[in-house]
Structure formats: structure tokens, C-alpha cells
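What follows is a single structure, written as C-alpha cells, with notes after it.
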Amino acid sequence: MTHLNLQQVVEHDYCVGCGLCMAQSKKGRMFETVKGTYIPDLAALTKSEIESAENFCPFAKASDIEDVVASKVFKVNNLRYLEGLGYYHKTYAGYAIEGKFREQGSSAGLVNWLCSKLLRDGYIDTIIHVKEDTSSNNKMYSYQESSDIESLQSGAKSKYYPVELSEVVKALLSQPSKKVAIVGLPCFIKALRAYEEDNLQLKEQIKFHIGIVCGHLKSKNYAKFLGWQAGIEPNNLKLIDFRTKLKKSPASRYGFTAIPRVGSEDSWIIKPMSEVVGGNWGHGVFKLTACEYCDDIMAETSDIVFGDAWLPEFVGDSGGTNIINSRSPFLSNLLQDGDDKGLIKLQELTPKRVLDSQRSGLRHRREGLSYRSGRDEALGKPFPKKRTKPNSHQLNIVRKTTYEYRELIRQTSHKSFLLAADHRDLSISLSMLKPIIESYSKISRVNLIQRIIAKAKKVLTKLVQRNSN
Ligand SMILES: Cc1cc2nc3c(=O)[nH]c(=O)nc-3n(C[C@H](O)[C@H](O)[C@H](O)COP(=O)(O)OP(=O)(O)OC[C@H]3O[C@@H](n4cnc5c(N)ncnc54)[C@H](O)[C@@H]3O)c2cc1C
Ligand code: SF4
Ligand code: SF4
């Protein structure tokens with residue numbers, strides 16, 4: 001098996017753009033690629049900074065796998081462990097009742113409710129999270145600090161948009177007395193945890209690592225692609241709100257809002273995701289290559305993780321519901337206290353049920369990753385070291401074809417958008433993507449039928465066994 005040094009991580013497009021390697025450098029900064037992702041300026045790093053980054057970069061050879069990083073933090077609390085979910089203390093479904101957290105949140109507002117609780121009760125000075133970037137015409141969102149509830153809430157909702165940590169981490173290190181909570185995707189939190197091993201000041205400053213469940217991350221061009229389909233050309237697009245709740249629709253049937261650079265609120269366009277190409281999360285348009293080589297969905301190194309309750313018993317509620325895995329007895333108590341006081345509503349779920357809400361993502365990142373890395377190994381192509389080993393799952397031809405199609409959709413989305421942007425003609429991209437997505441959907445239907453038959457066979461065998469006993 002081949003594993004990557006930092007240079008190879010970037011060269012082979014496995015860099016997720018977290019920016020942490022550049023947080024070490026005074027002059028270095030992150031660059032944007034034409035694809036709309038971030039990569040580091042490795043030339044600005046010294047040899048020892050590169051070596052150090054290889055210990056925490058989530059895709060480099062020397063960095064520890066999630067289980068190792070997590071066990072250092074959570075084993076002390078004697079937490080239990082479930083494959084895929086990671087360590088757990090308490091697992092719940094729930095939503096915010098207090099204020100407008102639920103209404104303004106992606107799922108049910110519990111991430112920002114918890115952040116507000118930590119701020120108001122004085123456990124931390126500030127929250128580091130992702131908000132609209134009003135300082136630049138070139139990016140919609142970036143990591144920033146919020147020290148009051150209004151500022152925190154201006155950063156509610158999920159941003160399916162690349163962000164990087166270099167500047168906020170540099171700023172944090174320059175104020176050693178500041179204590180923070182940070183909200184991040186699983187790979188960002190894992191990189192931070194590993195970085196903190198060598199940087200005790202940072203470890204002391206980051207009091208809480210709040211994870212968000214992650215299916216995958218998109219490039220900046222995804223936002224432009226959505227806006228364009230809503231009738232706003234990329235140059236005229238100011239912002240995309242990726243999670244607009246549609247009243248009276250199930251939580252899973254959300255929309256997006258495209259906001260032009262010029263015009264009042266009347267010119268904002270709201271569209272259901274189901275009405276645009278690439279609105280189906282499972283198609284994985286504009287996905288980063290790194291995400292195809294990641295097997296952490298539940299932010300396994302975070303103190304607590306929040307996701308969408310994609311479960312039949314919750315999905316009908318258009319207000320949205322969170323699933324939660326708390327790995328911190330302290331944070332479990334804070335949530336419990338909120339529930340007791342009627343500020344939030346919690347319902348205990350089994351750890352397995354929490355994981356059930358992410359089954360399809362989990363399959364793509366276990367079975368799918370075993371297929372992708374197995375194929376890379378056969379081709380002699382370097383790939384990142386992960387827990388899921390090449391060819392560790394047996395796949396039939398339909399599953400293999402499914403994964404090949406997903407890859408084709410991903411690659412075509414990036415390339416076709418650049419062509420469309422060059423020619424200022426969205427139809428170029430749509431006409432390249434649509435036939436592939438249609439073929440993929442046919443394969444997915446075969447796949448579904450096979451799964452239903454396999455499940456029915458299992459139930460039947462159990463019944464026969466029970467009757468013969
Ligand atoms: C790229 C991405 C992929 C996701 N994939 C899934 C998935 O497959 N399955 C699933 O169940 N859930 C997924 N989520 C999480 C889900 O969309 C919600 O973020 C989560 O359920 C919390 O909802 P909430 O209403 O409690 O959050 P809110 O109360 O709305 O708060 C969200 C907080 O997250 C911060 N934030 C938003 N975007 C980012 C970002 N990119 N990086 C760091 N912080 C950010 C905000 O600044 C805010 O503080 C994903 C989120 C993102 C950003
Ligand atoms: S540390 Fe982050 S930014 Fe640096 S190479 Fe690795 S993934 Fe990319
Ligand atoms: S899928 Fe994995 S690598 Fe990609 S952004 Fe999410 S946590 Fe990071």
C-alpha cells in the first residue's frame with residue numbers, strides 16, 4: 001500500500017484544504033484552485049513545518065487514524081465504542097425550543113443552541129465557526145469568531161462550501177488567554193486534535209470541539225452552479241443559503257436561496273433542491289476528491305457531533321430534527337439541563353439508531369472506499385492511509401458500477417462547470433451531466449431492488465428457522 005507525504009497529498013488532489021498546515025507559517029497562505037477548492041502554498045513551509053504537518057494533515061502518511069486520535073481523548077472517560085459512530089456517552093434526537101435556533105438552523109438548531117449556552121454561561125470567550133464573509137468578493141463564507149448570540153446566529157446553517165482554518169488559528173494563537181469552542185467537519189476536527197498534541201497552547205485554548213456530521217464537502221463552484229440554475233449568472237451571485245426550510249414539506253425536502261449582488265429581498269430566489277441538477281446529495285456533484293478517501297462521518301474525534309435525523313420517525317417534521325452523539329459527560333449534562341428547563345427537547349436514541357440515520361453515507365465511505373482504494377492499489381496509484389482497507393468488502397457488479405458512476409458524476413461536474421463558465425453557457429454543463437445522472441439513477445434502482453430482495457430473503461430464512469425449531 002502506498003501512503004502520501006504532504007507534497008503528494010496536494011499533487012494527487014487529496015488535500016481537503018483545511019489550512020492547518022499553513023497555520024504554522026507566518027507568511028504562507030492558502031491558494032484557491034480553478035476548481036474552487038483551497039490548497040496550501042507548501043513552498044512557504046520550512047522542512048520541519050512540513051514534517052510536523054505530516055503528523056496532523058488528515059490525509060498524510062504519518063498522521064494517526066481516527067481511532068488512535070479518539071482513543072487518546074475518550075478512553076479516559078471509559079466511553080463505549082460502536083464502529084462508524086465512534087466513542088459515545090449519550091445518543092439522542094432533539095430540537096431547540098428556545099428562541100429562533102430551530103427556525104434559523106439547518107436541522108433543528110442544536111449546534112448553535114449549545115454554542116450559545118457555552119458562551120452565555122461563560123465557559124468560553126468565543127465560538128469559532130463559519131459565517132458569511134463580507135470582507136471579500138471572492139468568497140461567500142469563511143471561518144470567523146462570534147462572541148455574542150446575534151453574531152453567532154448570523155452564522156447559523158450548513159455551508160456546503162470550502163473553508164480553511166489557517167487565519168483563525170493564527171489569530172487564536174496570538175491571544176493565548178482566549179478560550180474557545182470550535183465547530184468543524186470531521187477531518188478538520190481530527191487535524192486540530194492531532195495538531196494540539198504538538199501545540200499545547202492550542203490544546204489549552206480549544207475547550208470544546210463541536211463536530212458536524214459530514215457526507216462530503218463541495219467546491220465553491222457548487223454554489224455558482226446552484227445560483228446559475230436559479231437564473232443568476234456566477235458573476236452576479238452574492239450568496240447561497242444552502243438550507244432553506246420549505247414550510248409544510250418534510251425536512252429532507254429542503255431548498256436553497258440564491259441572492260444576487262444587486263437587488264432587494266424581492267430578487268432572492270428560493271428553489272427546492274429537488275428541482276435542480278445536483279440537488280440530490282447522493283449524486284455527489286462538485287465533491288472534493290479527498291472526501292472519496294475519508295471514512296469519518298460522525299466526527300469521531302469531536303466532543304459532540306450533530307447531524308440531521310434522516311429517519312422515518314423524524315423526517316416528516318419540516319422544522320427539522322438533530323441526531324446527537326455526545327462523547328462528553330459535561331456536554332451531555334448541559335443538554336440534559338436544557339431539556340429539564342424546556343429550552344430544548346431531547347429523546348434518547350440507541351447508538352445504532354443514530355448510525356442508521358447515516359446508512360447510505362456510511363456504505364459509500366466503507367464499502368465504496370474499499371472499492372476505490374482497491375482499484376487504486378491495482379493501478380499503482382498512491383492513496384491516503386485510512387482505516388478502511390482496500391478490497392475489504394465484497395461487492396457485486398451493480399455496486400461497483402454504482403461507485404464508478406458516482407465518480408464520473410463528480411469528475412464531470414467539476415470539468416463541465418469550467419467549460420460552461422468559459423463559454424458563459426450553463427447548458428454545456430447541464431447537457432454533459434444529465435445523461436450520466438440518468439444512467440446512474442437506473443443503476444440505483446437495480447441496486448435498490450437487489451437490496452429489497454436480499455432483505456426479504458434474510459427475513460424468510462429467519463422465519464423458516466424459527467418454525468423449524
Ligand atoms: C459540508 C457539510 C456536509 C454535511 N453532511 C451531512 C450529512 O451527510 N448527514 C447529516 O446528517 N448531516 C450533515 N451535515 C450536518 C447538517 O447539515 C447540520 O449542520 C447539522 O445537523 C447541525 O444542524 P443544526 O441545525 O444543529 O446547526 P445550526 O444551529 O444551524 O448551526 C450550524 C453551525 O455549523 C457551522 N457551520 C456551517 N457550515 C460549516 C462548515 N462547512 N464547517 C464548519 N462549521 C460550519 C455554522 O457556522 C453554525 O455554527 C453536513 C454539514 C456540512 C457543512
Ligand atoms: S493539512 Fe490540510 S491544507 Fe494542509 S495539505 Fe493537509 S489537508 Fe491540505
Ligand atoms: S467527507 Fe471527510 S474529508 Fe470530506 S469534508 Fe467531510 S470529513 Fe472532510
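Structure above, values below:
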read-out	value
Mean separation of Cα contacts under 8 Å (6+ apart) over length of the chain, as relative contact order %	19 percent
For region 147-155, 3J(HN,Hα) per residue [Karplus equation, 6.51 cos²θ - 1.76 cosθ + 1.60, θ = phi - 60°, Hz, x = Gly/Pro]	10, 9, 5, 4, 5, 4, 6, 5, x
Entries in LYS139/LYS220; LYS100/LYS139; LYS218/LYS415; LYS247/LYS271 that, when Cα-Cα distance is taken, lie over 18 Å	LYS100/LYS139
Footprinting exposure proxy for THR289, THR37 (fewest neighbouring C-beta atoms within 10 Å first)	THR289, THR37
Euclidean distance of C-alpha centroids, region 172-235 and region 410-467, integer Å	29 Å
Per-residue HN-Hα couplings for region 102-117 [Karplus 6.51, -1.76, 1.60; θ = phi - 60°; Hz; x = Gly/Pro]	5, 4, 8, x, 6, 9, 9, x, 6, 4, 6, 5, 4, 4, 5, 5
Relative contact order of region 220-283, defined on C-alpha pairs under 8 angstrom at six or more residues apart (%)	27 percent
Cα gyration tensor shape of region 220-283, rounded if a/c is under 1.5, else prolate or oblate by comparing a/b with b/c	oblate
Unsatisfied cross-links (Cα-Cα over 32 Å) in the set LYS381/LYS457; LYS35/LYS352; LYS179/LYS381; LYS26/LYS117; LYS207/LYS385	LYS381/LYS457; LYS35/LYS352; LYS179/LYS381; LYS26/LYS117
Rounded, prolate or oblate (a/c below 1.5 giving rounded, otherwise prolate when a/b exceeds b/c) for the chain by Cα gyration tensor	rounded
Computed label-point distance, nm, for sites LYS400 and ASN447 using a 7 Å Cα→Cβ extension	1.5 nm
Per-residue Cβ neighbour rank within 10 angstrom, fewest leading, VAL276, VAL163, VAL305	VAL276, VAL163, VAL305
Over the chain: helical MRE at 222 nm, DSSP H runs n ≥ 4 each giving -39500 (n - 2.57), nearest 500	-13000 deg cm²/dmol
Ordering of 96-108, 62-74, 14-26, 171-183 by burial proxy (mean other Cβ atoms within 10 Å per residue, highest first)	14-26, 96-108, 62-74, 171-183
Long-range amide H partners of LEU237 with built H, under 5 Å	ARG261
Calculated from backbone phi, Karplus (6.51, -1.76, 1.60) coupling profile of region 179-184 in Hz, x at Gly/Pro	10, 9, 10, 10, 9, x
Three-way shape call for region 374-463 based on the alpha-carbon gyration tensor, with the a/c threshold at 1.5	oblate
Burial ordering of LYS287, LYS61, fewest other beta-carbon atoms within 10 Å first	LYS61, LYS287
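We did not get these values from a lab; they are worked out from the coordinates using the rules stated. Remember, predicted model here, so these are calculated numbers, not experimental data. Neighbour counts run over all protein chains shown; Cβ positions are idealised from the backbone, glycine included.
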